[in-house]
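Worksheet: one structure, shown below.
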């Protein structure tokens, strides 16, 4: 086998199957900047293997910036946990990522906020009842969502940040 063939074959130690599509998925690693606010050095995400060290991201990143659902990335090398490491984004999938940090303790208010997020065309994943990763689809009303979140932030109900620079 030629050396370039060996380099192009990378398989993750963690594999699964997408329950909706039946497609194979693998965990890959996005390295985070030193001193990241999360205290983490990397984030593992599910991705669909495309061959030739390319993967399509299949979940919303919690901590990584400039990587979103549907993006196609190229991986180079393997982590100590035997996960392919993201080297670059090759193609945007058109999605955007936001993070919302709910500051209140009113469950009804939180549910109303999450319903408004869905109404604006975004999906969310809940980390702990306070922290949410939002996937904004290409057809979502991003401007409306950002205005809404800014209003809630000004009222000290939540804090938010974009997942892009």
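Every number here is computed from the coordinates shown, using simple stated rules; none is lab data. Everything quoted here is computed from the prediction, not taken from an experiment. Positions of Cβ are backbone-derived with ideal geometry, glycine not excepted, and every protein chain shown enters the neighbour counts.
List of remarks:
- C-alpha long axis of helix 142-154 to longest principal axis of the chain, angle in °: 60
- Across segment 3-91, the relative contact order, built from alpha-carbon pairs under 8 Å that are at least six residues apart, equals 25 percent.
- Max mean-square fluctuation residue, GNM over the chain, Cα-Cα springs under 10 Å, options 48, 152, 27: 152
- When the Cα gyration tensor is reduced to axis lengths a ≥ b ≥ c, the ratio a/c is 1.5 or higher for segment 3-91, and with a/b not above b/c it is classed as oblate.
- Sequence of 56, 33 once ranked by neighbouring C-beta atoms within 10 Å, starting from the fewest: 33, 56
- Highest mean packing first, where packing is the average number of other Cβ atoms within 10 Å per residue, the peptides 127-138, 105-116 line up as 127-138, 105-116.
- Adding -39500 (n - 2.57) for every DSSP H run of four residues or longer, then dividing by how many residues the chain holds, sets the calculated 222 nm ellipticity at -6000 deg cm²/dmol.
- With neighbour counts taken as other beta-carbon atoms within 10 Å, the residues 17, 73 rank, fewest first, as 17, 73.
- DSSP-defined antiparallel bridges as percent of all bridges, the chain, nearest 5: 95
- Shown is the FRET efficiency for residue 101 and residue 52, computed with R0 = 45 Å from the Cβ-Cβ distance and rounded to the nearest 0.05: 0.75.
- Prolate/oblate/rounded label for segment 76-145 (Cα gyration tensor, a/c 1.5): oblate
- Over the chain, the fraction of Cα-Cα pairs per 5 Å bin, rounded to whole percents and listed from the shortest bin up, is 2, 9, 16, 19, 18, 14, 10, 7, 3, 1, 1, 0, 0.
- Sorted by Cβ density within 10 Å, fewest first, the residues 99, 147, 54: 147, 54, 99
- Here the simple spin-label model places points 7 Å from the Cα toward Cβ, and for residue 87 and residue 137 these points are separated by 3.4 nm.
- Modelled this way, with points 7 Å down the Cα-to-C-beta line, the labels at residue 125 and residue 74 are 2.6 nm from one another.
- Relative contact order (percent, whole number), the chain, Cα cutoff 8 Å, 6+ residue spacing: 18
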